[in-house]
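The values are calculated or read from the model by the stated rules, or taken from the named source; none is laboratory data. Bear in mind that the values here come from a model prediction, so they are computed numbers and not experimental data. Cβ coordinates were reconstructed from backbone atoms using ideal geometry, including for glycine residues, and neighbour counts include every protein chain displayed. These area figures cover heavy atoms from the full protein model, side chains too; ligands, DNA and RNA do not enter into them. Shrake-Rupley method; radii C 1.70, N 1.55, O 1.52, S 1.80 Å.
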Amino acid sequence: MTLQNNDVKSVTVVGAGVAGLAAACALAEAGFRVQLVERRGYLGGRASSYLHPGVNEVIDNCQHVLFGCCTNLMGFYRRVGVAEQIHWTSDMTMIEPGGRRSPLGPSWLPAPLHGLPKLLTAPAFNLADKLSLARAFSALMRPVDAASTESLGAWLRRHKQSEGALNRFWRLVIASALNAEIDQIALPYAAKVIRELFMNSAFAGSMGMSRVPLSQLYAGVTSFLGERGGSAHLNTHVEGAAWDEGAAQWTVYTRTGELTSDFVILALPFEAAQKLLPHLPAEQGREKLARQIERHEHWPICSVHLWFDRDITDLEHAVLLDREIHWMYNQSRLQTGRGGHYIELVVSATRAFAALPREAAIRQALDELAEFFPLAKEAKLEKVALIKEVRATFGVPPGIDSARPTAVSPWPNCFLAGDWVQTGWPSTMESAARSGHLAAEALGMEAEEPLKCFEPDLKPQGLMRLFPSPDAWY
Ligand SMILES: Cc1cc2nc3c(=O)[nH]c(=O)nc-3n(C[C@H](O)[C@H](O)[C@H](O)COP(=O)(O)OP(=O)(O)OC[C@H]3O[C@@H](n4cnc5c(N)ncnc54)[C@H](O)[C@@H]3O)c2cc1C
């Protein structure tokens, strides 16, 4: 029998994606008793891995990339002891159909000039493209008004970007980092991504990829919570919750029973929060939240997982230009202990590709892959999996900030997390981890047990110190 300490405050965290995991672990570390509730049979939500029955391999639902500037995601990884599993690289190779390569990456020059030498010699861009990009980057050194309602597309037209710069940089690198078309991206979000990935410092823009399948990163969370008096409840679908004012307690109703606690964090994607709303108390503010959620829209990401009988490239990863497939990840090289010749292709923000029938999508991906890596034509394809995530991310069109609620919910002792709540970041694991930490800190304040888990932004380096971002959380 375990003795229960009644002074310890309890929290139910609904949803075990990165947002819920980050909140749960921070609160457990601060001494709260945490019950983490997840409808699926595994942790990680949209950033997870599972055994794919078609290929009999454990694969990520899609390659997930983080960057040096993802301070809260790294804070969460450090808390659960997996930060060392992230493989970092500062190099990126752009490849044109036909195979010509343009290596990009930092030099010894101070930020924001560190990427300039390689950009200037990159054959993927002609002189007009390079001048266009230089003009746009220098304009973005000055902070963009966070309240701007201009779209990235309109701003790029105003700054007279060349076709090459539009197609090979803005539509590919930036639109896929934000997973939307350029006219559907609010300028302040694009400016943030440009500053963080390309201007603030070489480290902020370095790319991180997990050495192990994503769910393995969180494998220790269940024992992390258990050792601190908490628990994780998988395969537990939350259907509603009620607040008892007298007892100052929440009861969370699941398909398999009830859970009570002093506090609740709803760490759900917006569509799941929308489904739950009618089953939460009819508090003032619930309708406003419902109207905010209605304004959100999903964008798809597809990934094609290919196993060949031999290597088709020596690269770990690459950006693929001018075709529907955008990114290549050589998983046999990136992931520790992964044998075989496993290549993953990622197609971002392309509704047309997501709508293709399975066979047509795979055919197109293979044909395009061979244009970049001719060895793919000779290699035998042993097995293939196509994963279409039609609800991969939420969009960040102009004006979206007023539809992103803060961590404080309309209900007492209840807080909101999830990548879509107000974090200033687009739909990413970092936004999810930030939201989890913000919710945990707001809860700590309400419980009169303040905790500090939010990780500040990295400070800009070099010349960028002269142009601090107005919305930075240093
Ligand atoms: C294909 C794809 C590629 C991506 N690539 C990247 C990338 O490269 N880099 C990056 O940073 N981000 C990427 N993202 C985005 C990133 O995965 C998400 O922003 C982030 O994981 C969201 O985390 P979250 O915790 O907010 O939500 P989720 O991960 O959606 O977690 C919410 C959890 O709540 C659970 N849930 C829902 N309803 C209930 C209920 N009623 N009861 C109990 N549990 C419930 C869900 O099962 C889920 O586990 C990608 C996403 C996808 C899908």
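Could you tell me which of the pairs Lys118/Lys377; Lys118/Lys380; Lys130/Lys192; Lys160/Lys192; Lys9/Lys288 are separated by over 26 angstrom between their Cα atoms in the structure shown?
Check vs 26 Å cut-off fails for Lys118/Lys377; Lys118/Lys380; Lys9/Lys288.
For segment 109-177, build the charge dipole from Cβ charges (+1 Lys, Arg; -1 Asp, Glu) around the Cα centre, then report which of Met141, Ala124, Leu152 sits farthest towards its positive end.
Of the listed residues, the answer is Ala124.
Test of understanding: extend the Cα→C-beta vector of Asn167 to 7 Å, then name every residue of segment 333-351 with backbone N under 20 Å from that spot.
From segment 333-351, the list is 346-351.
For a protection proxy built on the mean count of beta-carbon atoms within 10 angstrom, sort 169-182, 250-263, 274-287 highest first, please. The partial results should precede the final answer.
On the way: 169-182: 21.8, 250-263: 16.7, 274-287: 13.6.
Put in order of decreasing packing, that is 169-182, 250-263, 274-287.
Per residue, how much accessible surface does the chain expose to a 1.4 Å probe? Answer in Å², no decimals.
Numbers: 19680 Å² over 474 residues.
Using a 1.4 Å probe on heavy atoms only, each residue of the chain averages 42 Å².
Under a straight-distance cross-link criterion of Cα-Cα below 19 Å, which aspartates and glutamates are reachable from Lys275, leaving out those fewer than 8 residues away in the same chain?
Glu38, Glu239, Glu258, Glu283, Glu287, Glu294, Glu297, Asp419
Grab the Cα-Cα distance for Leu234 and Arg158, subtract it from 0.36 nm times how many residues apart they are, and report the gain in nm with one decimal. Intermediate results must be reported in sequence, preceding the final value.
On the way: separation 76, 0.36 × 76 = 27.36 nm, distance 5.03 nm.
Length gained between Leu234 and Arg158: 22.3 nm.
Say R0 is 22 Å: what FRET efficiency, to the nearest 0.05, do Asp322 and Glu359 get from their beta-carbon distance?
My answer for the efficiency is 0.40.
Which semi-axes, in whole Å and largest first, does the equivalent ellipsoid of segment 236-279 have when worked out from the alpha carbon gyration tensor as the square roots of 5 times its eigenvalues?
Whole-Å semi-axes of the equivalent ellipsoid: 18, 12, 9.
Under 18 Å Cα-Cα from Lys459, which aspartates and glutamates qualify once same-chain neighbours fewer than 8 residues away are excluded?
Candidates past the 8-residue exclusion: Glu196, Glu430, Asp471.
In nm, give the distance between the simple-model label positions of Ser223 and Leu381, each being 7 Å from the Cα along the Cα-to-Cβ direction.
Distance between the two pseudo-spin positions: 4.1 nm.
So for each of 56-65, 29-38 I average, over its residues, the number of other beta carbons within 10 Å; can you give me the resulting order with the highest mean first?
Going from most to least packed, we get 29-38, 56-65.
Distance between the C-alpha centers of segment 168-233 and segment 430-462? Whole Å please.
16
How high is the FRET efficiency from Glu271 to Glu245, r the C-beta distance, R0 35 Å, rounded to 0.05?
0.75
Take the alpha carbon atoms of segment 269-346, find their center, do the same for segment 62-136, and report the distance between the two centers in whole angstrom.
Cα centroid to Cα centroid, the span is 20 Å.
Round to a whole number: what % of the accessible area of the chain belongs to carbon and sulfur, probe 1.4 Å?
53
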